[in-house]
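Colleague: I have a structure I would like to understand better, so I am pasting it below and will then ask my questions one at a time.
Just so you know, all these numbers are worked out from the coordinates, no wet-lab data involved. In this text, all values refer to a predicted model and were calculated from it rather than measured experimentally. Here the Cβ positions follow ideal geometry from the backbone for every residue, glycine too, while neighbour counts run over all protein chains shown.
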Ligand SMILES: *Cc1c(COP(=O)(O)O)cnc(C)c1O
């Protein structure tokens, strides 16, 4: 996976029970590589739409309360390099030590992809570790026809990729991919004095988890079954479904948030903000009665419905039925 994504000859990775754990391990390696493990001035930067698992990682790592700084994203939910550059400067002049940037390839609500090429260039210039949280979107880098969606991901120092998200591998299935796989061992090795390891590193020395189930087997089996063609077909169809649903949601009261992947976040127009929560919860109930399950995230205080269009069994009839319910329910808001 790591060479397919383009991480180069020294790359490799480790499976993990979920993306939260992959993100945590990546940041531990980043801090270790920066030799800031015991330094309270260390800071991780990310965008305001980043996943909550980063807050957990900061807690476990013992970063101070402002050791994870979530910077404002733009109207499309993307983190812009100028914003990061300014934050780095301000932090440094205040005596802090920013050591890692977490860019997101597929935010959880909107499916936005941060501008990875420019952020990677900035990280190189400023000597920050670039971790790409591609739990949702990194899988695009596996197939040539979808790679453009996550261009620049190959410059990352580490990447979280969750086959449990769009590839349908049963949960949990996550991998942490590393540009320099030896750093996993540098960060986590204990020598495991009571274990016999044969050739090469002991698996329990490559990350936080020691003994674990053979989770990687179901990923391996899925990859054998799907092949790159199968992955490409899954992605093509998921993106097609998202575009089709977007085209069907035509009620003028609706506002569809921009997004780069197979997620679609749906809200009411800003001038209907005071009706938005009631509408969202009412529509959620109507959809549920008809066998549809959309989630109900709030983004910057804004109530939304969110459709995730990765299920290969969701067809156009389903989407037309779904859009009909949402359009009618939005049409009743005045
Ligand atoms: C789902 C998700 C995660 C966390 O993955 P878990 O497997 O639930 O721990 C991390 N980042 C992003 C962007 C996600 O969407």
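Colleague: For a distance above 20 Å, tell me the whole-number percent of Cα pairs in region 1-142 that qualify.
Modeller: Values: 4400 of 10011 pairs.
Pairs farther apart than 20 Å: 44 percent.
Colleague: Which log10 I(q)/I(0) values does the chain give at q = 0.08, 0.09, 0.14 Å⁻¹ under the Debye formula, counting every alpha carbon as one identical point scatterer?
Modeller: So the normalised log intensities are -0.40, -0.51, -1.12.
Colleague: Let me ask you something else. Using only the Cα atoms of region 121-161, what semi-axes does the equivalent ellipsoid have when each is the square root of 5 times a gyration tensor eigenvalue? Give whole Å, largest first.
Modeller: 20, 11, 6
Colleague: For region 238-334, list log₁₀ I(q)/I(0) at each q in 0.21, 0.22 Å⁻¹, using the Debye formula over Cα point scatterers of equal strength and ignoring solvent, two decimals each.
Modeller: -1.07, -1.18
Colleague: Shifting gears a bit: For the chain, modelled as a GNM with alpha-carbon contacts under 10 angstrom, which of 314, 107, 46 fluctuates the most?
Modeller: 314
Colleague: Identify which of 193, 270, 40 has the largest mean-square fluctuation in a Gaussian network model of the chain, with springs joining Cα atoms closer than 10 Å.
Modeller: Fluctuation is largest for 193.
Colleague: Rounded to the nearest 5, what % of DSSP beta bridges with both residues in region 39-144 are antiparallel?
Modeller: 5
Colleague: Kindly provide the helix-only [θ] at 222 nm of the chain, computed as the sum of -39,500 (n - 2.57) over DSSP H runs of four or more divided by all residues, to the nearest 500 deg cm²/dmol?
Modeller: Taken over the chain, the calculation gives -12000 deg cm²/dmol.
Colleague: Output the peptides 254-266, 201-213 sorted from most to least packed, where packing is the average of other Cβ atoms within 10 Å over each peptide's residues.
Modeller: Descending mean neighbour count gives 254-266, 201-213.
Colleague: Would you work out the Kirkwood radius for region 86-153? I mean one over the mean of 1/r across all pairs of different Cα atoms, in Å.
Modeller: Computed over Cα pairs of region 86-153, the Kirkwood hydrodynamic radius comes out at 12.8 Å.
Colleague: For region 35-73 and region 237-259, what is the separation of their Cα centres, given in Å?
Modeller: Centre-to-centre distance over Cα atoms comes out at 34 Å.
Colleague: Going by alpha carbons, how many degrees (0 to 90, nearest 10) lie between the helix axis of 316-331 and the longest principal axis of the chain?
Modeller: Relative to the chain, helix 316-331 is tipped by roughly 70 degrees.
Colleague: Can you tell me the orientation of helix 116-126 relative to the chain, as the angle in degrees between its alpha-carbon axis and the longest Cα principal axis, to the nearest 10?
Modeller: 30
Colleague: Semi-axes of the equivalent ellipsoid for region 21-65, please: Cα gyration tensor eigenvalues, times 5, square-rooted, ordered largest first, whole Å.
Modeller: Working through the eigenvalues yields semi-axes of 17, 12, 10 Å.
Colleague: Now for a different question. Relative to the first principal axis of the alpha-carbon coordinates of the chain, what is the inclination of helix 215-248, with its axis defined by its Cα atoms, in degrees from 0 to 90 and to the nearest 10?
Modeller: 30
Colleague: At q = 0.11, 0.15 Å⁻¹, work out log10 I(q)/I(0) for region 115-254 with the Debye formula, treating every Cα as an identical point scatterer and leaving solvent out; two decimals please.
Modeller: After summing over all Cα pairs, the log10 values are -0.56, -0.93.
Colleague: How would you classify region 143-213 from its alpha-carbon gyration tensor, with a ≥ b ≥ c the square roots of the eigenvalues: rounded for a/c under 1.5, else prolate if a/b is greater than b/c, otherwise oblate?
Modeller: The shape class here is oblate.
Colleague: Using alpha-carbon pairs under 8 Å, 6+ residues apart, how would you state the relative contact order of the chain in percent?
Modeller: Reported relative contact order: 17 percent.
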